[in-house]
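Where a number appears in this text, it was derived from the coordinates with a stated rule and is not lab data. Because the structure is a prediction, the values reported are computed rather than measured. Backbone-built Cβ (ideal geometry, glycine too); neighbour counts: all protein chains shown.
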Amino acid sequence: MSSMFTVRKSTAYLVVHCSATQPKMDIGAKEIRQWHREKGWIDIGYHFVIRRDGKVEIGRPENVVGAHVENHNSNSIGICLVGGVDANLKPENNFTPAQFAALALKLHELKQKYPNVTVQGHRDFPGVKKDCPSFDTRKWIKDTGVFTETAEPIKLDNDGLIIRCIEVTAANPTLFSLAKRFGYTAAELQKANPFVDPTQLKVGQLIRLPD
Ligand SMILES: [Zn+2]
């Protein structure tokens with residue numbers, strides 16, 4: 001079956017998409033694969049699908065040409081977040097914290113593998129009329145510090161207490177963003193929290209700071 005695919009010769013972009021489905025639709029790679037095959041495609045167009053609960057599912061093999069962005073399928077990897085439209089099918093950023101955490105981890109992992117890639121949303125390519133993925137991917141990357149390994153430590157405000165924990169917030173939903181905000185690396189935070197699953201962070205959850 002893999003003989004139907006064309007191996008990709010270069011990888012210049014990681015492209016973030018959405019499935020343009022309502023948040024109540026708990027679908028994944030299986031359903032999208034079926035929709036794309038019904039269009040006559042050989043397989044699902046994306047390489048990865050991130051479900052509402054943050055679970056990452058495999059679409060097309062990572063090393064082959066996908067079908068998700070005009071003019072750039074031969075040099076990009078497509079990642080699709082499930083969701084992205086409201087009840088009237090209008091674009092809406094309604095992705096879950098678990099999805100953003102999983103996206104951060106997947107992008108981080110892929111960037112290690114393909115260090116020179118540009119990471120952007122589908123709509124950031126010239127001539128795209130759609131709003132996919134319903135949020136500003138480049139701004140999100142900048143704000144959350146997905147690719148930032150270190151930052152200047154900030155002075156923690158305390159009244160004589162030793163602050164040992166920080167809280168997961170909507171603005172800092174991933175270990176990467178927390179690390180950037182508080183001047184650590186994501187690896188240091190993970191080491192200090194060996195039992196924390198970085199793909200399952202919840203707003204309000206406390207993260208231990210390294211000693
Ligand atoms: Zn798209």
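A few notes on this one:
- Charged side chains reduced to their Cβ positions (Lys and Arg at +1, Asp and Glu at -1) give segment 1-69 a dipole of some 60 debye around its Cα centre.
- Neighbour counts of other Cβ atoms within 10 Å put Ser10, Ser177 in the fewest-to-most order Ser10, Ser177.
- Relative to the longest principal axis of the Cα atoms of the chain, the long axis of helix 29-38 makes an angle of roughly 20 degrees.
- Computed from the Kirkwood radius of its Cα pairs, the Stokes-Einstein diffusion coefficient for segment 2-143 at 4 °C and 1.567 mPa s stands at 86 µm²/s.
- Listed cross-link partners Lys106/Lys130; Lys90/Lys113; Lys39/Lys180 are compared with a 32 Å cut-off, the Cα-Cα value being larger for Lys90/Lys113; Lys39/Lys180.
- The charge dipole of the chain, taken about its Cα centre with unit charges on the Cβ atoms of Lys, Arg (+1), Asp and Glu (-1) only, comes to about 480 debye.
- Vicinal HN-Hα couplings computed from phi for segment 56-66 (Karplus, 6.51 cos²θ - 1.76 cosθ + 1.60; Hz; Gly/Pro x): 9, 10, 7, x, 6, x, 4, 8, 10, 5, x
- Of all beta bridges that DSSP places with both ends in the chain, some 35 percent have antiparallel geometry.
- In degrees, nearest ten, helix 97-113 long axis to first principal axis of the chain (Cα): 80 degrees
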